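The values are calculated or read from the model by the stated rules, or taken from the named source; none is laboratory data. It should be emphasised that the depicted structure is a prediction, and the values quoted were computed from it without experimental measurement. For neighbour counting, all protein chains shown are included, and Cβ atoms are generated from backbone atoms with ideal geometry for every residue, glycine included.
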């Protein structure tokens, strides 16, 4: 298994700069961006991640898309599944299995470099990017002042880092920020760690705010495998004092609020579910809410759920593994049944329909083939997590509306 590769960027207090003709411009840029960062209210955006692992020969071996909600609150990034108000400070790398992922791609980078940084900054002149003439600055943070942390295959190391940023000539708004790790220790399985973030003005509350619009993190291991994580932000909104926030250590349980007291679903109740919408690798993402309907009525322990009851859940894994043989790993979770009186929450494990292999048996002194049962190749029934995972062979995902699964409450 290819483990997660992560990069976490932070910086200590203080700022250094050159004493040449670009110093005055740098001071004005720094003060402008400091003021811009200080004016940012608490806000959240939807974050879409496209993650992949590529071999040294250029073949894509792994691909995944995630949809998350990200809350920026007082220089801290908190994460939640879409539609949930339960943000968590749990590190984002705990939410993934393979590939590159990083913290600091949100507005935190502005604080790191312009408010807390000990970077040495030098003006590099005017440079044209995307048909815009921009001021370019180069920066470098030595190892003794750095908190740039690389984590690869379970090993971590702090490295020096350097990079560049570009600002608009008139507004002095930052447009793009690039950084790369330097002098990576030999014991760390990483030869290159590079990331960039782009920024733009977004209407937030009563004014326009400078926010990140996209980013990319790339980590190359010493055997030439490249893990890439591209990020896009949209639907940004301000979090005011009246916004409801809660913080949990289990962000995967994004349960709807219960309108009144409801009896719990007893353990070992069978739920036969049919999906209300298809799931595809082209459009769906881990994090997307899903709905299903009960295919059979449930009556147990004071709970009565008629056939057709709407059940809420979420896609938790949707990974394309493109090595031979190619397959797609799907992880689903269902956690609440909708009733006229409110939502009844539960945890369940995936029990079927489970595929069984064909066998050879002896009939009348001769071998005959007995076909196996068609069903799911269940990899993890979710007994501990509530996330049932199964593998589908090939590169296509035949999960349409009415796709049937069987679960048992726990």
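Across the stretch 28-56, the number of residues qualifying as modelled with pLDDT of 90 or more and in a helix (DSSP H, G or I) comes to 5. Condition test on residue 320, is it more than 12 Å from residue 273 (Cβ to Cβ) and buried (at least 17 other Cβ atoms within 10 Å of the Cβ)? Taking the combined requirement at face value, the residue satisfies it. As an exercise: evaluate residue 188 against (1) in a strand (DSSP E or B); (2) surrounded by 19 or more Cβ atoms within 10 Å (Cβ to Cβ); (3) more than 22 Å from the chain's Cα centre (by Cα) and give the number of the one condition it does not meet. The one condition residue 188 does not meet is (1).
Would you confirm whether any residue within the stretch 222-240 is in the same structural domain as residue 42 (by TED's automatic domain parsing), touching a strand residue (DSSP E or B) at 6+ places or on another chain (Cβ under 9 Å), in a loop (DSSP other than H, G, I, E, B) and modelled with pLDDT under 90? Yes, that holds for at least one residue.
Results for (1) over 22 Å from the mean Cα position of the chain (by Cα); (2) within 26 Å of residue 139 (Cβ to Cβ), shown as yes or no for each residue.
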site	(1), (2)
31	yes, yes
36	yes, yes
53	no, no
60	no, no
63	no, no
68	no, no
73	no, no
76	no, yes
82	no, no
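Tell me whether the stretch 149-157 contains one or more residues that are assigned to a strand (DSSP E or B), within 24 Å of residue 123 (Cα to Cα) and assigned by TED's automatic domain parsing to the domain that holds residue 124. No - not one qualifying residue is present in the stretch 149-157. Only one entry of 309, 339 meets the criterion of being touching a residue at least 24 places away in the same chain (Cβ under 8 Å), farther than 24 Å from residue 394 by Cβ and touching a strand residue (DSSP E or B) at 6+ places or on another chain (Cβ under 6 Å), and that entry is 309. Pairing each residue of the stretch 234-245 that is loosely packed, with under 14 Cβ neighbours inside 10 Å with any residue that is modelled with pLDDT of 60 or more, provided the two are 6+ apart or on different chains, yields C-beta distances under 6 Å for 234/46; 235/46; 244/85.
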